[in-house]
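Throughout, read-outs are computed from the coordinates displayed, never taken from laboratory work. If you're wondering where the values come from, they're calculated on a predicted model, not measured in any experiment. With ideal geometry, Cβ positions are generated from the backbone for all residues, glycine too; neighbour counts draw on all protein chains shown.
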Amino acid sequence: MKTFLAFITKEFRHVLRDKRSLLILLGLPIVMMILFGFALSSEVKNSNVAVLDYAQDDASHLLIDRINQSQYFSVQQYLHSEAEIERVFRQGKVRLVVIFPQNFQEDLLHTNHVQVRLIGDASDPNTSNIVVNYASNIFRDYQNELSDNKKLPYSIETETRMLYNPQLKSSYNFVPGVMTLILMLLGAMMTSVSIVKEKEMGTMEILLVSPMRPLLVVLSKAVPYMVLCFIDVIIILLLAVFLLGMPIRGSLLLLLAESLLFIITTLSLGLLVSTIVDSQQTAMFLSLVGFLMPALVFSGFMFPIENMPLPLQIISNIVPTKWYYSIVRAIMVKGLGFSYVIKQTLILVGMTVFFLGVAIRKFKIRLA
């Protein structure tokens, strides 16, 4: 145990005097500009929509068809009662619910006034505001067509309600995203140079004659970063609550446990890279291009994943930040429990076991 603690102390000292993070600060803006400029679009497309149609008349069917035919929406579900709205939002299946009132067409033709309700998932305020505006424009265009053809003052009003984030505060989307990126940065990128550094500095021979098992050697290199990352989680949560006024609606203990799991996942991924490459420069470059940028792009933090081409959507499933960002948003913003994030949790556990297992096996080969 004393030898293990000595290894951990050594790694803490290396972390405190490491200056290679400056390379990330200089190279990251260039990579971001290239990737964002050529690979992504800020438009929100193919957003899933659920419809609750009390009217079941020609006018409501026409508008549903127009919504579905729009490049921005895809009608996925037809609800039967308002009690189902909360369920579909909790499951994350839709971004918008459209509610047509009874006698929609009749009221429109006889009273020239009818109200349609649009309910958006404001856990992501920017996307929710965009999809609501897109839907409102569809109704507004239909209203203009009726006015031109019939020369009557037809009026269709939309009533909007934002769940989870009524004030549309950007911090509700910003905090989970920043937490995800920071943990990926400090976890995967920093540990990716830990083992290969021993080879470059000529201290690999010390590990060869060390009485410690390979598993403990690998863990000793991960512990300092795990502690620092967990401290970052606490700092971010304190700033979110007391500075930004963002509530933590779900279980704080569950959020911390899921954050610790993600930290271990990123550390395992960084250690895997460190056992594969032969130089610190290669490790940093691979981590920068291979981890940070996909983490930023495929997490869903800045751009909706469903807006991407199908091949990129498939690739996003193997990026850990996608699942952790979904967990944080579900717990902090929506107040959901473990039963709603069990799928993401199991995926992160599987990734951790795989990354750590391969890293230990590669490290044993290096020591052989």
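Some values worked out for this structure:
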quantity: For region 235-351, the spread of Cα positions along each principal axis, largest first, Å; calculated: 44, 33, 28
quantity: In region 238-342, the trypsin sites (Lys or Arg not before Pro) that fall in loop regions by DSSP, at most 15 other Cβ within 10 Å; calculated: ARG249
quantity: Under Karplus coefficients 6.51, -1.76 and 1.60, residue-wise ³J(HN,Hα) of region 92-108 in Hz, glycine/proline x; calculated: x, 7, 9, 9, 8, 10, 10, 10, 9, x, 5, 6, 4, 5, 5, 5, 5
quantity: Calculated from backbone phi, Karplus (6.51, -1.76, 1.60) coupling profile of region 343-351 in Hz, x at Gly/Pro; calculated: 4, 5, 5, 5, 5, 5, 4, x, 4
quantity: Spin-label model distance (nm) - LEU252 vs ASN46, 7 Å beyond Cα toward Cβ; calculated: 4.0 nm
quantity: Sequence-distant residues sharing a close amide H with LEU163 (under 5 Å, placed H); calculated: GLY120, ALA122
quantity: 12 Å reach of a label modelled at SER136, 7 Å along Cα-to-Cβ, counting backbone N of region 158-191; calculated: 158-162
quantity: Under-5 Å amide H pairs with THR158, H placed in peptide plane, nonlocal only; calculated: VAL116
quantity: Per-selection metrics, region 43-163 (Cα): Rg and Dmax in Å; calculated: 13.9, 44
quantity: Theoretical gain in end-to-end length, HIS80 to THR9 [0.36 nm per residue, Cα-Cα removed]; calculated: 19.5 nm
quantity: Separation in nanometres of the label points that stand 7 Å from Cα toward Cβ, at LEU244 and ASN317; calculated: 3.0 nm
quantity: Residues with amide H under 5 Å from that of SER47, placed H, sequence gap 5 or more; calculated: PHE73, SER74
quantity: VAL178/LEU109 FRET efficiency (R0 56 Å; Cβ-Cβ; nearest 0.05); calculated: 0.65
quantity: Table column - 3J(HN,Hα) (Hz), region 64-74, Karplus curve with 6.51, -1.76, 1.60, x for Gly and Pro; calculated: 4, 4, 5, 4, 5, 7, 5, 5, 8, 10, 9
